[in-house]
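Reading through the structure tokens given below for one structure.
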Amino acid sequence: MLLSIDPRSQQPIYDQVVRQIKFAIASGVLQPGSMIPSVRELAKELVLNPNTIARAYRELQADGILETVRGVGLRVQSKARRRCVNEQRELIRARLEQMIREASTSSLAREEVEAMIDRELDRFFSPSSSDSTRTK
């Protein structure tokens with residue numbers, strides 16, 4: 001599983017793991033029914049304390065995203081994708097609201113803000129965009 005942890009982030013590491021797993025499910029990288037790495041495997045891959053991964057997995061189980069398969073490990077629940085997509089949309093909507101609220105208190109005109117948003121949308125969603133541009 002390809003996760004990227006930023007130790008300098010204000011967001012706790014376990015929460016970064018939770019959010020990235022949810023985003024992987026929302027985007028279809030992790031499918032319902034697929035098994036996820038064990039706590040030890042993921043901790044070793046990310047060079048993290050296993051307790052951090054265990055905490056993230058417990059939260060994902062509590063959220064109904066992962067389920068235990070006795071004697072085997074954890075897998076993505078069948079309804080997890082819908083939950084993760086909805087959560088991802090809400091997170092993005094909240095971030096947009098925060099950005100728009102900040103822009104509305106600045107000296108920028110609405111048209112300037114719209115132009116900035118349009119430029120960024122074009123940068124990330126135009127057919128000529130490379131994958132590297134989208135991850136910046």
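Each reported figure results from applying straightforward, stated rules to the coordinates on display, with no laboratory input. Owing to the predicted nature of the structure, the values given are computational and were not obtained by experimental measurement. Positions of Cβ are backbone-derived with ideal geometry, glycine not excepted, and every protein chain shown enters the neighbour counts.
So here's what we get for this one:
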{"read-out": "ASN51-LYS79 FRET efficiency (beta carbon distance; Förster radius 25 Å; 0.05 resolution)", "value": "0.35"}
{"read-out": "Rounded to the nearest 20 debye, dipole of the chain from Cβ charges on Lys, Arg, Asp, Glu", "value": "620"}
{"read-out": "Under Karplus coefficients 6.51, -1.76 and 1.60, residue-wise ³J(HN,Hα) of segment 79-92 in Hz, glycine/proline x", "value": "9, 5, 4, 4, 4, 5, 4, 4, 5, 4, 4, 5, 4, 5"}
{"read-out": "Gaussian network model of the chain, springs between alpha carbon atoms under 10 Å - residue of ASP15, ASP63, ASP122 with greatest fluctuation", "value": "ASP122"}
{"read-out": "For LEU66, distant residues with modelled amide H under 5 Å away", "value": "GLN61, GLN77"}
{"read-out": "The chain: angle of helix 50-62 to the longest principal axis, Cα-based, in degrees nearest 10", "value": "80"}
{"read-out": "The chain, helix-only ellipticity at 222 nm - DSSP H runs n ≥ 4, -39,500 (n - 2.57), divided by all residues, nearest 500", "value": "-19000 deg cm²/dmol"}
{"read-out": "Rounded to whole Hz, the Karplus (6.51, -1.76, 1.60) HN-Hα couplings of segment 102-116, x for glycine and proline", "value": "5, 5, 5, 8, 8, 8, 6, 7, 3, 4, 5, 5, 4, 5, 4"}
{"read-out": "Debye equation applied to the C-alpha atoms of segment 1-105, log10 I(q)/I(0) at 0.10, 0.17 Å⁻¹", "value": "-0.31, -0.79"}
{"read-out": "Segment 22-54 and segment 76-91: distance between their alpha carbon centers, rounded to Å", "value": "16"}
